[in-house]
Amino acid sequence: CGACGRAATAPGPLARTPAWAFCAAYLAAAGCLTRIAAQAAVGFGESPLSGGPSATLFEAGFVLGGILLPLALVHAFGRTWPRWVPALSGRRVPRRLVLWPGTAISGGLVVYFGLMLLQMGWERLHGRNPFPPGSGLDLPEAFFWVAVPAYFLWGAGMAAAARAYARRTRTPCTSCGH
């Protein structure tokens, strides 16, 4: 199309969120919860809340980015503000407010933890512990074999959900409808 630059065969906006996107979003949330469970299994050490306001903000962001953001990509509250949000109730959620963090976070998780998984596999195939004790990460190796794939699934699920959100919220071209 000369107006929008999209291919004539490009699919238009989605009428509704597909089932695979819901599965992907819930896979992302499950990845986040699995990562938290892995940490709970080995212990939290010092409480994150004892680290001051920055640690508390980090933990809140971790949970929001792992649970709320993937679900916002597929549920109506990611497109329209819920009734309980003062002054914004019923208005459209700005597309970039949900899509940009979803895309950026998922991309970072997939790349970083995908490479880490490859490195862990390489080290293990060569008979080495990918995280030897005394390297500053004094956690059992099993922790990393649960936590790292959980992060990767979190990112992959959120990437798929973000793709569906991008197509669902895309405005159609006025010339060609794509």
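Would you mind getting the accessible area per residue of region 71-178, heavy atoms of the protein chains only, 1.4 Å probe, in Å²?
On the way: 6320 Å² over 108 residues.
Accessible area per residue, region 71-178: 59 Å².
When the gyration tensor of region 72-134 is built from Cα positions, what are the square roots of 5 times its three eigenvalues, in whole Å, from largest to smallest?
Details: eigenvalues 361, 25, 14 Å².
The equivalent ellipsoid of region 72-134 has semi-axes of 42, 11, 8 Å.
Taking every pair of alpha-carbon atoms in region 16-101, give the share separated by more than 14 Å as a whole percent. Walk me through the intermediate numbers first.
Details: 2619 of 3655 pairs.
Here the long-distance tail beyond 14 Å is 72 percent of all Cα pairs in region 16-101.
The values are calculated or read from the model by the stated rules, or taken from the named source; none is laboratory data. Remember, it's a predicted structure, so these values are computed and weren't measured experimentally. The accessibility values were calculated without ligands, DNA or RNA, using every heavy atom of the protein model including side chains. Shrake-Rupley method; radii C 1.70, N 1.55, O 1.52, S 1.80 Å.
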